[in-house]
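A short worksheet on the structure shown next.
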Amino acid sequence: MSAEFRIRESDSEDTEAIKSIYPRAFPDEDLVPLVQDLLENPDMTLSLVATVSGHIAGHVVFTKCAVNGIDANVALLAPLAVDPSRQKQGIGGALVRAGLQQLQVAGVSEVCVLGDPSYYGRFGFTSQTLIEPPYPLPPEWRSAWQSTDLGGASNEIVGALSVPPVWRKPELWAP
Ligand SMILES: CC(C)(COP(=O)(O)OP(=O)(O)OC[C@H]1O[C@@H](n2cnc3c(N)ncnc32)[C@H](O)[C@@H]1OP(=O)(O)O)[C@@H](O)C(=O)NCCC(=O)NCCS
């Protein structure tokens, strides 16, 4: 069953409601500090929420990154969470697609993600080997490192992904 939902950029009044989704969507991980840090840096992020009847049901963040030595705009998608009571209603997909569309208009050429290929593949993400993640991934995670090409890059994007300090924590990139 599909929900009637709306996608919009988040604002500071959404912070508590956004943070409340994460422990329920990720019961085995504490992503709240990361989410808090990302929400405190709106100049380098695109943060979108999905609302159902005015209540926040899903959230995604895209962070502006760079690839060392390459003149191209690159972003990182993470985290993405939908309230368990609202999952499988198209909300996660709508958040991802809305973000990709907004980033493409803003001139971003490539969006990377570390996630399940069977989910992100439906949005055009494929295995990424030319852009290196900021920390080496264990072999079993290599196929989870993906990207989607939004077009507009004048050169091939090859090199190490340079992430802002909020993402420079090895534990965020390890099992
Ligand atoms: C992953 C998540 C964001 C998807 O949100 P959603 O609103 O349920 O997604 P949609 O309704 O757009 O899509 C649902 C489809 O995705 C599939 N799906 C959900 N999670 C998946 C996963 N981890 N791997 C593969 N497929 C997945 C569902 O089975 C469903 O498939 P169907 O369309 O064939 O029925 C949500 O399930 C969630 O918050 N999960 C917990 C946190 C998480 O894993 N976040 C992603 C981190 S990479």
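The values are calculated or read from the model by the stated rules, or taken from the named source; none is laboratory data. Note that the structure is predicted; figures quoted are calculated from it, not measured. Positions of Cβ are backbone-derived with ideal geometry, glycine not excepted, and every protein chain shown enters the neighbour counts. Heads up: the accessible areas ignore ligands, DNA and RNA and are worked out on the full protein's heavy atoms, side chains in. Shrake-Rupley method; radii C 1.70, N 1.55, O 1.52, S 1.80 Å.
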### Query
When the C-alpha atoms of the chain are aligned to their principal axes, what extent does each axis show, in angstrom, from largest down?
44, 33, 31
### Query
Using r as the Cβ-Cβ distance of Glu16 and Lys169, and R0 as 30 Å, what FRET efficiency do you calculate, to the nearest 0.05?
0.85
### Task
Express the carbon and sulfur contribution to the solvent-accessible surface of the chain as a percent, rounded to the nearest whole number, probe 1.4 angstrom.
50 percent
### Query
Can you tell which of Leu39, Gly152, Ser53 lies farthest toward the positive end of the dipole of the chain, using +1 and -1 charges on the Cβ of basic and acidic side chains (Lys, Arg; Asp, Glu)?
Ser53
### Summary
A correct Karplus calculation of ³J(HN,Hα) over region 166-174, with 6.51 cos²θ - 1.76 cosθ + 1.60, θ = phi - 60°, whole Hz and x for Gly and Pro, returns 4, 9, 8, 9, x, 5, 6, 10, 10
### Message
Once the convex hull of the alpha carbons of region 23-124 is built, what does its volume come to per residue, in cubic angstrom?
### Response
122 Å³
### Query
Given +1 on the Cβ of Lys and Arg, -1 on the Cβ of Asp and Glu, and no further charges, what dipole in debye does the chain carry about its Cα centre, rounded to the nearest 20?
400 debye
### Query
log10 I(q)/I(0), Debye, Cα-only region 117-162, no solvent, q = 0.25 Å⁻¹?
-1.01
### Task
Using θ = phi - 60° and the Karplus relation 6.51 cos²θ - 1.76 cosθ + 1.60, list the HN-Hα couplings for region 120-129 in order, rounded to whole Hz, with x at every Gly or Pro.
6, x, 5, 9, x, 6, 10, 3, 10, 10
